[in-house]
Amino acid sequence: MTEVIETVWITMPDGARLAARLWLPDGARDTPVPCILEYIPYRRRDRTRMRDESMHPLFAEAGYASIRVDIRGYGDSDGLAEDEYSHQEMQDGHNVVQWIAEQDWCDGNVGMFGKSWGAYNAFQVASTRPPALKAIIPVMGTDDRWREDIHFYGGCLANDNFWWGTIMQLYNAMPPDPQIVGADRWLDMWRDRLNGAQFWPAMWLEHQTHDEMWRRGSICENYDDVQVPVYFFGGWADLFRDTPFRIAENLKGPVKVMMGPWAHLYPHEGIPAPRADFVGEAIRFWDHWLKGKDTGLMDEPPLRFFLQESVAPAGMHKARDGRWIEEASWPSPNVSDQTMWLNDGTLDAAPAAGEALSVCSPQTFGGAGGDMCSFAIPGDMAIDCRTDAGGALQFKGAPLEAPLDILGQPSLSLKLSADRPQGFVAALLVDEAPDGAQTLLARGFCNLTHRNGDMDPTPVTPGKEMAVTVPLYGTGCRVLPGHRIVVQIASAYWPILWPAPQPVTLTVTPGTSALHLPVRHDPPDAPAPRDLHEPAKRSGKRAITRVREGAMERSIHTDLTTGEVTHRFFLDGGVFGPVGDMRLDEIGTVLSDISDRRYVIHADDPLSARVSMQQKASFTRDDWVARIEAYAEQTATETEFHLLSRVKCWSGDELIFEREKTFAIPRNGM
């Protein structure tokens, strides 16, 4: 039987204790075994408890110790959180690996895995080279915090910088559990956290160029730092679509990749389907690198991608048709560049001259775009791109006579001019069906003030033609016969990007710009990929009870009297869905989360942009009640960003903390 230890304390060299939950396989105390580590901030005691139990016990059943550690300043761990991926966090991670290796139940071999933040930490802790760390499994994370994170896309300010930062505003205000840290200590710990917390969206916005903040923790700065084997899992509906291609090309050690159709979920819970047996794949990987067993995994082609077939646009896809393909290396000899020229509204094999084409997109362009990162919540995937098409330049190819397989990172080579000193390009790659419906395949952005580099923004000379490259994010898809490839080019993309200070008109001369598609051709006589197992269904009732139903609203509202457009995402539940209030039956804690996110703008006024986030959270158990309310808002003038942060916390009915802060941050090419 598996031994489950609710709380294990890991003491750091400075005396701070990190809290962990540990699963030990039968006999591990007599015969040590390898250990699997997950190291993240999201509260192992409650917030990720059920998700943790879908994986860690199975690793233990397979003969591994498995440990879930809360980062310093989160859950029941001591200390304060400084920032995501801080030097302290990475050093603690390094020390945790070495602590694990020294325990009497561990044989000295450690593997590390995690999704999102946990993927970053797997990469970054590996780059510190703790001797005991033998292999890592990053799931949906990145090697490059500037190019592929929530903060900036193509050098443009992402509104996710605000949104996710406000999620962390709430997490940074959450208390430790008095049952774990002690009834006489938890309130002082909570107050220390609250007094020491920074408002991260403002802190991040102080860094609007590719400076040391973003280089810190980006393993692309020196791929040679990561020398352990890597198995990367990602999804085409997730945010991190380019990392698998870069690490496959640049990491020197063994690299495996599996890219499915999934949103920001573990593959065994993956939506859209088909799901994959992530736990089984992970165990095959660990068995090879931590136990020395020949599982056959490393003899298979290292790169596996799901090619999604054309589908009607929808804000949610429960499943995608397609097929798995494999590649032996990246760049792949099976993928070649196909150039399509942007002519007078058409995409063609050869350039053709024509009159200049101009567009000044309404600030509301992008409303069909969903989120950059889907959590598989209805409405967070892109809907029909025709909804926005009137606000963009469109270039359409001829109907395809045969299927077109695209695998990799498309790009646009553009020659254009702008009429303002500051602006950006938003580019969409679209699959248009015979009935005219338009499904998003990929998109990308280019801040024109960053055309000469991301360190020193250079104003645009109005009317002067520029040559810029717009990389689109990675994709794997099959466009069916009769469908068309379409490119849309716009000068706004709300609410995904913060707008330029003034409306911008972009001008493109036909026959001077081109789309580059990475087109894949099946190699002759290639064996069919092995079948992937569906994740096993676990027996037994989940130890969780819904005590109050949740609710959700995702809407776009236009005030026809003022012209103001509001995107609203109201969620009565956690980040992953409208679950309402849930009781964790094993520990008796009831969790509650409510968030109300709003993006407001007027079609002709970029300075009307406003984004806000109202959040409430509570922990309730017996006589313990801890409540948090947080509010944040961001607006801008032509020269400054203005942010507001407000936090209030109660222990029972007693208000124990209240703080409001405002920030004014100069715009620097954003």
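Assorted remarks:
- Residue count for the stretch 220-257 under the criterion of being closer than 15 Å to Met298 by Cα, over 16 Å from the mean Cα position of the chain (by Cα) and of a type in the set (A, V, I, L, M, F, W, C): the result is 5.
- Given (1) in contact with a strand residue (DSSP E or B) (Cβ under 7 Å, 6 or more places away or on another chain); (2) within 25 Å of Phe570 (Cα to Cα); (3) of a type in the set (Phe, Trp, Tyr), number of the condition Trp330 does not satisfy: (2)
- Where strands (runs of 3 or more DSSP E) fall wholly inside the stretch 511-567, the ranges with 2 or more residues that are under 30 Å from Thr620 (Cα atoms) and free of Cβ contacts under 8 Å to residues at least 40 places away in the same chain are 551-558.
- Boolean, Thr387 is free of Cβ contacts under 8 Å to residues at least 24 places away in the same chain and not hydrophobic (A, V, I, L, M, F, W, C): yes
- Candidates in the stretch 350-399 are the residues that are assigned to a loop (DSSP other than H, G, I, E, B) and of a type in the set (Val, Ile, Thr); of these, the one that is most open to solvent (accessible area, probe 1.4 Å) is Ile383.
- In the set Phe395, Phe445, only one residue is among the aromatic types (Phe, Trp, Tyr), touching a residue at least 24 places away in the same chain (Cβ under 8 Å) and out of contact with any Phe, Trp or Tyr (no Cβ under 7 Å at 6 or more places or on another chain); that residue is Phe395.
- Restricting the search to helices (runs of 4 or more DSSP H) fully inside the stretch 151-198 and requiring at least 1 residues that are without any contact (Cβ under 8 Å) to a residue 24 or more places away in the chain and surrounded by 20 or more Cβ atoms within 10 Å (Cβ to Cβ) gives 160-171, 186-196.
- Note on the stretch 276-301: residues that are buried (at least 20 other Cβ atoms within 10 Å of the Cβ) and assigned to a loop (DSSP other than H, G, I, E, B) amount to 1.
- Selected residue (only one of Pro34, Pro57, Pro13 is at pLDDT 95 or above and assigned to a helix (DSSP H, G or I)): Pro57
- Ile556 vs. criteria open to solvent by less than 40 Å² (accessible area, probe 1.4 Å) and out of contact with any Pro (no Cβ under 9 Å at 6 or more places or on another chain): no
Conditions tested, residue by residue: (1) at pLDDT 95 or above; (2) closer than 30 Å to Ala353 by Cβ; (3) within 29 Å of the chain's Cα centre (by Cα); (4) among the polar types (S, T, N, Q).
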| residue | (1), (2), (3), (4) |
| --- | --- |
| Ala490 | yes, yes, yes, no |
| Pro501 | yes, no, yes, no |
| Val519 | yes, yes, yes, no |
| Lys537 | no, no, yes, no |
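- If you filter the stretch 443-470 down to residues that are in a strand (DSSP E or B) and out of contact with any helix residue (DSSP H, G or I) (no Cβ under 8 Å at 6 or more places or on another chain), you find that the one that is surrounded by the fewest Cβ atoms within 10 Å (Cβ to Cβ) is Ala467.
- Residue satisfying all of: in the stretch 238-264; open to solvent by less than 10 Å² (accessible area, probe 1.4 Å) and among the β-branched types (Val, Ile, Thr); nearest to Trp330 (Cα to Cα) among these: Ile247
- Positions within the stretch 79-111 being out of contact with any Leu (no Cβ under 7 Å at 6 or more places or on another chain) and open to solvent by less than 30 Å² (accessible area, probe 1.4 Å), in sequence order: Ala81, Asp83, Glu84, Tyr85, Ser86, Glu89, Met90, Gly93, Ala101, Cys106, Gly108
- Enumeration of residues in the stretch 266-302 that are touching a helix residue (DSSP H, G or I) at 6+ places or on another chain (Cβ under 6 Å), among the aliphatic types (A, V, I, L, M) and modelled with pLDDT of 95 or more: Ala276, Val279
- Residue selected from the stretch 1-50 under the condition under 23 Å from the mean Cα position of the chain (by Cα) and free of Cβ contacts under 8 Å to residues at least 40 places away in the same chain, by the criterion nearest to Asp581 (Cα to Cα): Thr48
- Between Val579, Val625, the distinction of being in a loop (DSSP other than H, G, I, E, B), touching a Gly at 6+ places or on another chain (Cβ under 9 Å) and not hydroxyl-bearing (Ser, Thr, Tyr) belongs to Val579 only.
- Restricted to the stretch 302-341, and to residues there that are among the aromatic types (Phe, Trp, Tyr) and assigned to a strand (DSSP E or B), the residue that is most open to solvent (accessible area, probe 1.4 Å) is Trp341.
The values are calculated or read from the model by the stated rules, or taken from the named source; none is laboratory data. Everything quoted here is computed from the prediction, not taken from an experiment. Here Cβ is always computed from backbone atoms with ideal geometry, including for glycine, and neighbour counts include all displayed protein chains. These accessible areas exclude ligands, DNA and RNA; they are computed on the full protein's heavy atoms, side chains included. Shrake-Rupley method; radii C 1.70, N 1.55, O 1.52, S 1.80 Å.
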